[in-house]
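Working notes for the structure below.
The values are calculated or read from the model by the stated rules, or taken from the named source; none is laboratory data. In this text, all values refer to a predicted model and were calculated from it rather than measured experimentally. Cβ placement follows ideal geometry from the backbone for every residue including glycine, while neighbour counts extend to all protein chains displayed.
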Amino acid sequence: MNLGTIERQEFAASVAGSDLVTVVGGKTQWDVGGTIDPNARAVSAPVGIYDYTPSEMTLRCGAGTTVGEIQDILGEHAQMLPVNAERGSTIGGILAVGRSGIRRLRYGAVRDYLLESWHADHEGKLVKSGGPTIKNVSGYDLCRLLVGSLGTLGFLAEVTVRSLPIPPCSRWMTGVCDPFDLQSKLYRPSCILWNGNQVWVLLEGHPVDVEREASITGLSECSGPPVLPSAGRLSLRPKLLRELPQMYKQDWLAEIGVGLVHLSETINNDQSSLSAVTVMRDIKTRLDPTGRLNPGREVF
Amino acid sequence: MSSKRKRTIFDELKVLLGSRTRADDMELQLYGKDSSVLSGVPSTVCFPVNVEEVQGIVSICNRFQRPFIARGSGTGLAGGAVPIGNPVIISTAKMNKVLEIDLEDRIAWVEPGVLNLDLSKALLEFGFHFAPDPSSQQVCSIGGNVANNSGGPHCLAYGVTTSHVLAAEVVLPNAEVVTLGGIDPEPKGYDLRGLFIGSEGTMGIATKVAVRLTPNPPDVRTLLLDFADVSDGALAVSAIINAGIIPAALEMMDHNAIGIVEAFVHAGYPVEAAAVLLVELDGLSGAVEAAVQTINDVAKIHNAGSVRVAKDETERALLWKGRKNAFGAVARIKPDYYLHDTVVPRSKLVEVLNQVYQIADKYELIAINVFHAGDGNLHPILAYDAREPGILERVHSAGDEIIKASMEAGGVLSGEHGIGLEKRDFMHLLFSAHDMFTQDLVREAFDPQGLANPMKVLPSGSRCSDSFKQNLPEGVWV
């Protein structure tokens, strides 16, 4: 029997029942998507790294494993998971919430790092989706459906994620310049942040390249980015970020090229124009007919 | 006295599309096949030019309860576009415009019939490309790439289609038009975009696709490593990844493949070698140069005969021409071939490759291996002559064993070709009945009536009724 098999079975059994149930991770993003029904019984996903072969660049672990633990073991082999989460966040929580870290500009969305998952469904039965290899198109891609679903369709029990090499050199630069112009001058920077005035850019790669790109920016080196405002979050098409200075007077920090805006005020996207709601509702009804999984969380 | 004849589905489609509704014998035969060995018979072939027409066709199919299949270029290798249940074929061939290139957002909106390579050519002057590059990229369509979540050699570093499609306008099986995903980074709701990509036309038809533009790398280096032993080549693959390098592409060709490719392109491939690795490194020059050095070191450790670095773009293009045309070049030794597609962990490449050779020997077939080694994505080609009596049975039996060997090594059924008809009855090797039941629940949310490309992906009996099974065409291997 594979490592982790018993743990995921026990987890699924803990989900089974007819009562309301919620899965608790590191509670680092607990406020996302609305308040959990206080009557929901809490369960926790398994913890532990079951399988890690550095040359495969994949890692299989319980969904309750913290990012800190995962980054530590990957780090021993100069690898990483390109998320910027608190060490206490669980990998299951990060995937269920689906928010990518600030290096998305270079490394892509967090959904692309989940290769295979086991989740407990509304009856407490285990469902496997995806596959353990880096490339796979066998069957419907339920992994991507689960990422960002806030645990409303099933609770992640175990995941296989893809890792990446840690870049040999990493440098933050800051100063005043046009961030859009800067983006067009650089080849795949890891992050460009802008507050309407000041710019912070993260360059990663071979030291020679980082040095050369740093000189292109004309900015000065700094220790890191400022703290991201966390009261509000806007998802915009990247070019709309140009208009931010005219739109908001409060503090904000925008991820250039990505389209995310972190605000100090509670401003969020207007959802009125959401498409395909019927299908989304239908999926929720089919996968959780009694609405017992994470009641109170709203994805759409 | 004549009674008014009741209008058939063909009549209705004819009213909608005029001469772009076809049912000539030759067309029906042509559209009965894709690039797999399977075939069926469609009832009608339609060539819509816009979303309204696609919507109209789907509405008519709903009224007549007739299945429909979206079809791109028909390059699919798993029978995904093979008609079952006398369906209406909806060809996207006439929806082939690049609608908008937005350099600020780094996206392009394209119609599904745009060919993969044409898109990258259209982006060239702006310094961008569309990263997924299947070997069929000269002829395969973006809509087909979306349906199959297509890969290609350069997906090792850049990811497959799902990482490069941000949004799609889709005609759902009930004829409703929706947009899945969005140009913004966190579209609200469930990721139906991610679910739709790779669903092989069973969840609707994409009529407009927003693709991500990838900047062309400032520096590209293409290397050819040759080995006297296949095992050394396969071990070098893991060693390269272990050294912290993710090449843009890391391809392997075995002795048989090298021979036919060299005879075809004359690129100077070492025909004596047991295997070659084609390695492409791209990015900024510092990283590329360091990686070239590392690969030279790996080559020495793993007994590579030589490391040849393409000296210019012409030489690079020639080496790639060999790789990308390897399948066509098989015709030099046998008129037909069956191309497989499984993925195994990189560490199992040697083991599974050896099994592939043994299986081919057992069935007296020629196995040719040319594949995406960096991804562990095997593409064993079984070359044969269909005129030889009983040969297809041997080819299928060998194929079954290759699939099973890959599964036993901890692999998956398909890396990039999809499940279609070809592999749906192997799905149980990877998934439990409950896994497949759950997948079918999700499919049903899109298509409760089972009209969109029925009988594909999931084995019959996963959940949906077997209403189309009686129409299984002869020769369909399911």
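Tell me, which residue of the range B:275-303 that is in contact with a Gly (Cβ under 9 Å, 6 or more places away or on another chain) and in a strand (DSSP E or B) is farthest from the other protein chains (Cβ to nearest Cβ)?
B:VAL276
Could we say that A:SER223 is over 24 Å from B:THR179 (Cα atoms), at pLDDT 95 or above and small (Gly, Ala, Ser) here?
yes
If you take the residues in the range B:109-157 that are within 13 Å of chain A (Cβ to nearest Cβ), modelled with pLDDT of 95 or more and not in a loop (DSSP other than H, G, I, E, B), which one is nearest to B:ILE419 (Cα to Cα)?
Only one residue fits best here, namely B:ASN148.
Which count do you get for residues in the range B:372-402 that are in contact (Cβ under 8 Å) with a residue 40 or more places away in the chain and within 11 Å of another protein chain (Cβ to nearest Cβ)?
Looking only at that region, the number is 4.
Of the conditions (1) of a type in the set (Gly, Ala, Ser); (2) surrounded by 16 or more Cβ atoms within 10 Å (Cβ to Cβ); (3) without any contact (Cβ under 8 Å) to a residue 24 or more places away in the chain; (4) more than 12 Å from chain B (Cβ to nearest Cβ), A:GLY232 satisfies every one except a single condition; which number is it?
Status for A:GLY232: all satisfied but (3).
Taking the range B:338-375 as the search range and keeping residues that are within 18 Å of B:GLY415 (Cβ to Cβ) and among the aromatic types (Phe, Trp, Tyr), which one is surrounded by the most Cβ atoms within 10 Å (Cβ to Cβ)?
B:PHE371
As an exercise: evaluate B:LEU192 against (1) over 21 Å from A:LYS135 (Cβ atoms); (2) under 24 Å from the mean Cα position of the chain (by Cα); (3) more than 12 Å from chain A (Cβ to nearest Cβ) and give the number of the one condition it does not meet.
Among (1) over 21 Å from A:LYS135 (Cβ atoms); (2) under 24 Å from the mean Cα position of the chain (by Cα); (3) more than 12 Å from chain A (Cβ to nearest Cβ), B:LEU192 violates only (3).
Kindly evaluate A:LYS125 against the criterion of being among the basic types (Lys, Arg), farther than 30 Å from B:GLY286 by Cα and either within 17 Å of the chain's Cα centre (by Cα) or within 8 Å of chain B (Cβ to nearest Cβ) (or both).
Yes: the conditions hold for A:LYS125.
What number of residues within the range B:44-91 are polar (S, T, N, Q) and over 16 Å from B:LEU16 (Cβ atoms)? Explain how you work it out, then say what you get.
Of all residues in the range B:44-91, those polar (S, T, N, Q) come to B:44, B:50, B:55, B:59, B:62, B:65, B:73, B:75, B:86, B:91.
Those still in the list that are over 16 Å from B:LEU16 (Cβ atoms) too: B:65, B:73, B:75, B:86.
So the count comes out to 4.
Quick check on my filter: what residues within the range B:293-307 are buried (at least 16 other Cβ atoms within 10 Å of the Cβ) and either within 30 Å of the chain's Cα centre (by Cα) or among the small types (Gly, Ala, Ser) (or both)?
Passing the criteria: B:ILE295, B:ALA299, B:ALA304, B:GLY305.
Going through A:SER55, A:SER100, A:SER18 one at a time, which residue ends up being of a type in the set (Ser, Thr, Tyr), within 20 Å of the chain's Cα centre (by Cα) and either in a loop (DSSP other than H, G, I, E, B) or surrounded by fewer than 18 Cβ atoms within 10 Å (Cβ to Cβ) (or both)?
Residue meeting the stated conditions: A:SER100.
Run A:ILE94 past the list (1) under 9 Å from the mean Cα position of the chain (by Cα); (2) part of a loop (DSSP other than H, G, I, E, B) and report the number of the one that doesn't hold.
Only one criterion is unmet by A:ILE94, namely (2).
What do you reckon, is A:VAL199 modelled with pLDDT of 95 or more, in contact with a Pro (Cβ under 8 Å, 6 or more places away or on another chain) and away from chain B (no Cβ under 14 Å)?
Spelling it out, A:VAL199 is indeed modelled with pLDDT of 95 or more, in contact with a Pro (Cβ under 8 Å, 6 or more places away or on another chain) and away from chain B (no Cβ under 14 Å).
Of the residues A:ARG212, A:ARG188, which is farther than 27 Å from B:ASP375 by Cα and either assigned to a loop (DSSP other than H, G, I, E, B) or within 14 Å of another protein chain (Cβ to nearest Cβ) (or both)?
Details: A:ARG188 fails: farther than 27 Å from B:ASP375 by Cα.
Being farther than 27 Å from B:ASP375 by Cα and either assigned to a loop (DSSP other than H, G, I, E, B) or within 14 Å of another protein chain (Cβ to nearest Cβ) (or both) holds for just one of A:ARG212, A:ARG188, which is A:ARG212.
When B:PRO218 is evaluated against the numbered criteria (1) within 10 Å of chain A (Cβ to nearest Cβ); (2) closer than 30 Å to A:LYS185 by Cα; (3) crowded, with 22+ Cβ neighbours inside 10 Å, which criterion, by number, is the only one it fails?
The one condition B:PRO218 does not meet is (3).
Quick one: which of A:THR66, A:THR58, A:THR28 is touching a residue at least 60 places away in the same chain (Cβ under 8 Å), closer than 21 Å to A:SER100 by Cα and away from chain B (no Cβ under 14 Å)?
Numbers: A:THR66 fails: touching a residue at least 60 places away in the same chain (Cβ under 8 Å); A:THR58 fails: away from chain B (no Cβ under 14 Å).
Matching residue, one of A:THR66, A:THR58, A:THR28: A:THR28.
Considering only the range B:404-420, state which residues are within 14 Å of chain A (Cβ to nearest Cβ) and crowded, with 21+ Cβ neighbours inside 10 Å.
Hits for the range B:404-420 are B:SER406, B:GLY411, B:VAL412, B:LEU413, B:SER414, B:GLY415, B:GLU416, B:HIS417, B:GLY418, B:ILE419, B:GLY420.
Looking at B:LEU225, B:LEU250, which is the one that is in contact (Cβ under 8 Å) with a residue 40 or more places away in the chain, assigned to a strand (DSSP E or B) and within 14 Å of chain A (Cβ to nearest Cβ)?
B:LEU250
For the range A:267-295, how many residues are of a type in the set (A, V, I, L, M) and either more than 8 Å from chain B (Cβ to nearest Cβ) or within 15 Å of A:LEU20 (Cα to Cα) (or both)?
Qualifying residue count for the region: 3.
Which number in (1) surrounded by fewer than 24 Cβ atoms within 10 Å (Cβ to Cβ); (2) touching an Asp or Glu at 6+ places or on another chain (Cβ under 7 Å) marks the one condition that B:PRO247 misses?
Only one criterion is unmet by B:PRO247, namely (1).
What number of residues within the range B:180-238 satisfy the criterion of being under 21 Å from B:ARG316 (Cα atoms) and touching a Gly at 6+ places or on another chain (Cβ under 8 Å)?
Matching residues across the range B:180-238 total 9.
Restricting to the range A:42-51, give me the number of residues that are touching a residue at least 24 places away in the same chain (Cβ under 8 Å) and in a strand (DSSP E or B).
Result for the range A:42-51: 4.
Would you tally the residues in the range A:134-157 being of a type in the set (A, V, I, L, M), at pLDDT 95 or above and either in a loop (DSSP other than H, G, I, E, B) or in contact with a Cys (Cβ under 7 Å, 6 or more places away or on another chain) (or both)?
Total meeting the criteria: 3.
Cβ contacts < 8 Å: first residue under 17 Å from B:THR179 (Cβ atoms), restricted to the range A:276-289; second residue in a loop (DSSP other than H, G, I, E, B) and among the β-branched types (Val, Ile, Thr), any location; separation 6+ or different chain. Result?
Hits for this filter: A:MET280/A:VAL299.
Among the residues of the range A:257-273, is there at least one that is outside any loop (DSSP other than H, G, I, E, B) and over 21 Å from the mean Cα position of the chain (by Cα)?
Among the residues of the range A:257-273, not one is outside any loop (DSSP other than H, G, I, E, B) and over 21 Å from the mean Cα position of the chain (by Cα), which makes the answer no.
Out of everything in the range B:76-108 that is assigned to a loop (DSSP other than H, G, I, E, B) and β-branched (Val, Ile, Thr), what residue ends up being surrounded by the fewest Cβ atoms within 10 Å (Cβ to Cβ)?
Of everything passing the filter in the range B:76-108, B:ILE84 is surrounded by the fewest Cβ atoms within 10 Å (Cβ to Cβ).
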